[in-house]
Amino acid sequence: MKSSVAPVVTINVLPNSTAANKTTKRLLRPSYKIGKGATLVSTRLAVRTAAGKVITPSATSVNVLPGSYRVTTTIRYTYKQNGKTVAKTVSKAQNLVIGVVKPAPVKSVDADVFNRLNALRVNKGLPAFKASPAFEAFLTAEASGVRNVPWPTGADRLSTGGAVGGSYVGIAKIVVDLLLDQSWLRADLYDPDYNTLSVVTRTTKGEKYVFVSFARIAAPGPAPVPVPVSTVKPSPLTAADVFSRLNALRLKKGLSALPSVPAFNTYVAAGGSSIDPMEWPTRMRSSTTTGVEGSSAGSAASVVSQLLDRGFPQLYDPSYNVLSVTVSSVNGENKIYVGLGRFTDPV
């Protein structure tokens, strides 16, 4: 059948695309649409870089690396018109960019663990933990092996928390599951006395670990109102006096008096905040340490009063079986650490 209308042949624009990385090649092929009545003869690509370097003068397809290119597609076809075979060639040039896939931002495992632990706490009806840059810096230093790091300003109670190491540290859900396998960490997580959480990942002794620690950090309050200096000289502050008073409070609650363990005293005297179990006293499973200093540490009675005023429910927790009280003087002011430990066979 004779036809006087030439068929339509359309060359499609090759879309810009991305490769997985700068060494991954992408395959380019001509893209076109042949109208009714046309017979395809050949397809060719000519490719050169944006700077003019020829990649291929003519090919049916070509692999190219990420970059900017000038691509010309050429289609040869025939069709019948008025009883004759007509040969046609159409070309189309375009600019083409092949980029590299931008890596997705790596979600911080620390932040993910922090949020998952907070969600568990909130589900128990407890207030969410806050984050503290000072506490994070403290935990980072501890996790890096620095010792005797000063507590964050306003912190009066710290937990030894827990740590997870090995190949799972990059998977937040597994990290949280392994942390919660530690009974003392579960207790700290749901302890309403703590209000601050820190999670850091560090490499120690050739192994990567996720460290978790809890703290009670008071918000900055108004400047204290000056009070007249008492003319009555207080009794000397001794660790034994504070120790006896705290044990007496336990006895009034029907609990047993707690023993003192020399190794735990040494640990608490250094701040009692090491997160490395290798540095814990033998047989210690977990601990909590709180501190009193300055004017509140003038006497045993004032130390105990200060502890009770701000809340010290751990004193009556039957799972703790060792008590430590240490007293030191820094720049003429007393500093008292009170520690409670969970030990396996403490005596």
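Evaluation of residue 160 against the conditions (1) modelled with pLDDT of 70 or more; (2) of a type in the set (S, T, N, Q); (3) under 30 Å from residue 302 (Cα atoms) shows that the sole unmet condition is (1). Within region 35-55, the set of residues being under 22 Å from residue 15 (Cβ atoms) and surrounded by 16 or more Cβ atoms within 10 Å (Cβ to Cβ) comprises 43, 44, 45, 46, 47, 55. On inspection, residue 72 fails the criterion of being open to solvent by less than 40 Å² (accessible area, probe 1.4 Å), in a strand (DSSP E or B) and in contact with a Lys or Arg (Cβ under 9 Å, 6 or more places away or on another chain).
Could you tell me whether region 78-89 includes any residue that is open to solvent by 70 Å² or more (accessible area, probe 1.4 Å), at pLDDT 90 or above, of a type in the set (Ser, Thr, Tyr) and part of a strand (DSSP E or B)?
Yes, region 78-89 contains at least one residue that is open to solvent by 70 Å² or more (accessible area, probe 1.4 Å), at pLDDT 90 or above, of a type in the set (Ser, Thr, Tyr) and part of a strand (DSSP E or B).
Taking the criterion of being of a type in the set (S, T, N, Q) and at pLDDT 80 or above, the residues of region 306-343 that qualify are 314, 319, 321, 324, 326. Condition (residue is buried (at least 16 other Cβ atoms within 10 Å of the Cβ), over 30 Å from residue 174 (Cβ atoms) and at pLDDT 85 or above) applied to region 98-109: is it met by at least one residue? Yes, some residue in region 98-109 is buried (at least 16 other Cβ atoms within 10 Å of the Cβ), over 30 Å from residue 174 (Cβ atoms) and at pLDDT 85 or above.
Put simply, of 263, 223, 239 the only residue that is more than 29 Å from residue 122 (Cα to Cα), surrounded by 12 or more Cβ atoms within 10 Å (Cβ to Cβ) and modelled with pLDDT under 85 is 239.
For region 44-60, how many residues meet the condition of being β-branched (Val, Ile, Thr) and farther than 20 Å from residue 90 by Cβ?
First pass over region 44-60, keeping only residues β-branched (Val, Ile, Thr): 47, 49, 54-56, 60.
Next, from what is left, pick out any that are farther than 20 Å from residue 90 by Cβ: 49, 54-55.
Residues flagged as β-branched (Val, Ile, Thr) and farther than 20 Å from residue 90 by Cβ within region 44-60 amount to 3.
The values are calculated or read from the model by the stated rules, or taken from the named source; none is laboratory data. Keep in mind it's a predicted model, so treat the numbers as computed, not measured. Using ideal geometry, Cβ is built from the backbone for each residue, glycine included, and neighbour counts are taken over all protein chains shown. Note: accessible area is taken over every heavy atom of the protein model, side chains too, but ligands, DNA and RNA are not part of it. Shrake-Rupley method; radii C 1.70, N 1.55, O 1.52, S 1.80 Å.
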